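Step one of this worksheet: look at the structure below.
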Amino acid sequence: MVPKIDKIIKSKRKSYTLIIGDNAELIVKVPLYARKEKIDNLVLSKKDWILEKQNEIRTQLAAYPKHKFVKGERFLVLGFYYLLDFQPVKKCCISENKLVVPDKLKKDAKNTIVKWYKSKAKKFLFEKADYFSAITGFTFSKLSLSGATSRWGSCSSKNSINLNFKLLMCPEKIIDYVVVHELCHIKHKNHKKEFWNEVANIIPDFQERRNWLKNNRMILSDL
């Protein structure tokens, strides 16, 4: 049985590419005049890989359902869950096991929560970057935040570091790894052996933390 193809994208290209989307859909990119028989044979030959990746994503989707921003929903902060609540407070805050949003901002809960995450992430991530920069000796030219849905961080050719504000949802040890990873790119602009050796000098168990990011990447699609 050929796995169901959700979308075929034809363009002026020579290669055939299989993509498993964020909702576990199967997308096939093919040349303009690709024959259906050839597409089906490709998909069938990659059946095991396709089903494995789709199951991984469906598992993650179940672990990180899309937020509806209603009372009682769970929100991650530094790896711990807090229940969303609305109270007569002046601004967003963490109170015991709750992420509290002002009553008056209930209708704009999503934007309010995103702004809160960004504000907290800015302070936390900047402090982390300064701390590990001092340890490694790698100095960044600029640090900024992003809300990308596919990357945890990046380092430009000019040594500008970009970190995803959604990292604030991750456990602190995971944040440490991402920060160190990007700082090491200041010295090594690739992912060759020397780069990973540099990372390992600071984060010996980096592979375990890297796997966590892979298995929890649906966090990037949140907010």
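The values are calculated or read from the model by the stated rules, or taken from the named source; none is laboratory data. The model shown is predicted, which means the values in this text are computed figures rather than measured ones. Virtual Cβ from ideal backbone geometry, glycine too; neighbours counted across all protein chains shown.
Remark: Ala129 falls outside the filter, which requires a residue to be part of a loop (DSSP other than H, G, I, E, B) and either touching a strand residue (DSSP E or B) at 6+ places or on another chain (Cβ under 8 Å) or not assigned by TED's automatic domain parsing to the domain that holds Trp116 (or both). With respect to Ile27, determine if the residue is more than 29 Å from Glu172 (Cα to Cα), surrounded by 12 or more Cβ atoms within 10 Å (Cβ to Cβ), of a type in the set (Val, Ile, Thr) and in contact with an Asp or Glu (Cβ under 9 Å, 6 or more places away or on another chain). Answer is yes for this residue. Answer with yes or no whether Lys118 is over 21 Å from Asn164 (Cα atoms), in a helix (DSSP H, G or I) and either touching a strand residue (DSSP E or B) at 6+ places or on another chain (Cβ under 7 Å) or in contact (Cβ under 8 Å) with a residue 24 or more places away in the chain (or both). No. Name the pairs whose Cβ atoms lie under 6 Å apart, with the first residue in the stretch 165-177 and of a type in the set (Asp, Glu), the second surrounded by fewer than 23 Cβ atoms within 10 Å (Cβ to Cβ), and 6 or more positions between them or separate chains? Close Cβ pairs satisfying both conditions: Glu172/Leu78.
Here the stretch 74-94 is the region considered, the condition is being more than 19 Å from Lys118 (Cα to Cα) and out of contact with any Lys or Arg (no Cβ under 7 Å at 6 or more places or on another chain), and the residue that is surrounded by the most Cβ atoms within 10 Å (Cβ to Cβ) is Val89. Please go through the stretch 187-223 and give me each residue that is under 23 Å from Ala62 (Cβ atoms) and not charged (D, E, K, R), ordered by number. Correct list: Asn211, Trp212, Leu213, Asn215, Asn216, Met218, Ile219, Leu220, Ser221, Leu223.
Residue check: is Lys173 at pLDDT 95 or above, surrounded by fewer than 19 Cβ atoms within 10 Å (Cβ to Cβ) and within 18 Å of the chain's Cα centre (by Cα)?
The answer is yes for Lys173.
Checking the conditions here, which among Leu183, Leu213, Leu220 is assigned to a helix (DSSP H, G or I) and within 15 Å of Ser133 (Cβ to Cβ)? Please lay out each step first, then the result.
Values: Leu213 fails: within 15 Å of Ser133 (Cβ to Cβ); Leu220 fails: within 15 Å of Ser133 (Cβ to Cβ).
It is Leu183.
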